[in-house]
1. Being under 23 Å from the mean Cα position of the chain (by Cα) and either at pLDDT 85 or above or of a type in the set (A, V, I, L, M) (or both) narrows it down to one residue among A:ASP244, A:ASP222; which is it?
2. For region A:65-93, which residues satisfy the criterion of being within 30 Å of A:TYR156 (Cα to Cα), outside any loop (DSSP other than H, G, I, E, B) and either more than 7 Å from chain B (Cβ to nearest Cβ) or not polar (S, T, N, Q) (or both)?
3. Select, from B:ALA357, B:ALA344, the only residue that is in a helix (DSSP H, G or I) and modelled with pLDDT of 85 or more.
4. Checking the structure you have, find out if any residue of region A:131-149 is touching a residue at least 40 places away in the same chain (Cβ under 8 Å), in contact with a His (Cβ under 7 Å, 6 or more places away or on another chain) and within 14 Å of another protein chain (Cβ to nearest Cβ).
5. Is region A:150-171 home to any residue that is more than 14 Å from chain B (Cβ to nearest Cβ), touching a Lys or Arg at 6+ places or on another chain (Cβ under 6 Å) and farther than 26 Å from B:VAL223 by Cβ?
6. Restricting region A:195-211 to residues that are touching a residue at least 60 places away in the same chain (Cβ under 8 Å) and in contact with a Pro (Cβ under 9 Å, 6 or more places away or on another chain), which is surrounded by the fewest Cβ atoms within 10 Å (Cβ to Cβ)?
7. When you scan region A:10-64 for strands (runs of 3 or more DSSP E) that lie fully inside it, which ones turn up with 1 or more residues that are over 16 Å from A:LEU209 (Cβ atoms) and without any contact (Cβ under 8 Å) to a residue 40 or more places away in the chain?
8. Out of all the residues in region B:196-219, which are in contact (Cβ under 8 Å) with a residue 60 or more places away in the chain and not β-branched (Val, Ile, Thr)?
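The values are calculated or read from the model by the stated rules, or taken from the named source; none is laboratory data. As the structure is a prediction and not an experimental result, all values here were calculated from the model. Positions of Cβ are backbone-derived with ideal geometry, glycine not excepted, and every protein chain shown enters the neighbour counts.
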Amino acid sequence: MTPAELRVENVTLRFGGLRALDSVSFDVQPGSLHALIGPNGAGKSSCFNVICGLYRASEGRVFFGDVELTRQRPNRLARLGIGRSFQNAALSSHSTVLDNVMLGRFALTRGGFLECGLRLPWITRTERRHAERAAEICEFLGIGDVLHTPVGALPYGAVKRVDIARALAVEPALLLLDEPAAGMNAAETAELAHTIHEIRAELGISILLVEHDMGLVMGIADRVSVLDFGRLIADGTPAEVQADPEVVRAYLGTDHKENA
Amino acid sequence: MWWVRALLWLALLIVLLALPLYLEAQWLRAGEYMMVGAVGAIGLTLLTGQAGQLSLAHAFFLLAGGTAYTVLAGGQEGERNLVGFNLPPLLALLGAVAITALLGIAFAPVAGRLRGIYLGVASLALVFLGLYFGQAAEGLTGGTSTGRAPEPFSLFGFEFSNEGDLEILGVPFRQSERVWYLFLGLLLIAFLLALGAVRSRVGRSWRAVRDNEAAAAVMGVSVARAKAGAFAVSSAYAGLAGVMTVLWFDILKPDESEFGTYGINVSIAFLAMVIIGGLGSVPGALVGAVVVNGLPQVLALYSTKLGWFTGTGEGAFTPVLISSFVYGAAIILVVLFEPGGLAAIGRRIAGRLSNPARGRE
């Protein structure tokens, strides 16, 4: 799949009197690694949920290539080539790693209760083929040796990787990562940065990353958009954004000195 | 280790196939009642355990399935104003399953909007609807006083009744023996279908909707469709169990109160089977059905033999009362000590046998 451009155009999201997003616009170029940052409550996750169709934008539109995402229902997303990971991982903890990742293949497979219940030959065949691909993706993310372990029994870092594996199992042209490093220690974060870098190098897909960890973002992103109180206050390369006085005031100020 | 498991299942199947050669009719009937429960419990464990939708409507779909079969297979009876379509029993059975599946879909708009205990209470309303319908639609159900006899099941001219003489290995095969094989066949189909679905993309979509609707949707699952599908499948299972119920009793007789063959107590009994067996586990549902539906039957058979619990009337310790206490206690024990139910205990034992080192940790 050739990567398409993601365009967020003047998106406003209101919850009653509260403006969670205020006329936000930015583009994610095909094949780029774009980070969306901002302090807590800046509207990063809301923006993600608008892109995914989980929230309806009050105003504005989101396009992926020629398709208007703001008109689609969320379950169309996977079919359009967009995969998403979640801040809280949102996996089935009693199910195995492979079973969770295989959910990502849902849009790529067919068959209802009777066909699957009867284990028709073509169902079994495609199931096996997709399971092989899912195992391959897990291998790539370094969780290939725990395929048959229930997710609930895994350490936190591995759980986050399962979530990313599931998003990749969609075979996306655009990968949305919602705070993949949240709750990770420094070593785990460094490993994750390496993995994200590899995903882009190997698959050549666009990645939109919401993140708190400045070290991670500044190290790997091509472009950074900064949200503060629902407004876009900066948009540029990591160096430009770091130098922007408004960004320093709103967000980096104290945080930046701590990390340096 | 999969072949050990396959061998055990095969052995169980052979034993079940051979039982009619050894057991008396009354014991066979007890076993058949457990199979009725098992089919219904599999349906409920798919809905409540896999798809995460609490339903207390199972008894209603039982009544709907039983009524549909009786009406579709039965004949017109002018003097009692009974409606009948004279369909071949196999067609009537499939029709009953299809009708209950459609009823399940009809309930889906409600089921899709409610969660947890709220859905449970809303679904309970269907049981009362069934109670009213059973009494009001006498042309279909035959009414509460006389009921209506269902057409015995038959397949390609072979009747599952006392019709004709049939003897195998010197054992006369009458209705109890024949129905045993019919029920075993239906249970086997229901069991294998459920197992296949649970392991496929369909089961995966149910579990995803149960655990996180937003994640399920983003992965391409239509949440509303997955929920409606689970309800339809579960209702179809209950409908089949309903057909088996009227064949087992040899009569379709709607309840006079909210407690009876199709009452609240039955909905709760199915929930008990599913919880004891382990929510979401298909083999667990089988074990749960053996415990909950089997216990009163077996106790009743033993009590007549041994002269226990033979009291009658209000305060008497009847087998039904005693088994209610036993499975009530079983639910409390499961919820307190092993929320995964008997299925989780089974998995742990299997894990220990196949990997003794890990078991000792």
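1. Going through A:ASP244, A:ASP222 in turn, the sole match is A:ASP222.
2. A:PRO74, A:ARG76, A:ALA78, A:ARG79, A:LEU80, A:ILE82, A:GLY83, A:ARG84
3. Residue meeting the stated conditions: B:ALA344.
4. No: zero hits.
5. Within region A:150-171, none of the residues are more than 14 Å from chain B (Cβ to nearest Cβ), touching a Lys or Arg at 6+ places or on another chain (Cβ under 6 Å) and farther than 26 Å from B:VAL223 by Cβ.
6. A:GLY204
7. A:18-28
8. B:ALA197, B:GLY203, B:TRP206, B:ARG207, B:ARG210, B:ASP211, listed by residue number.
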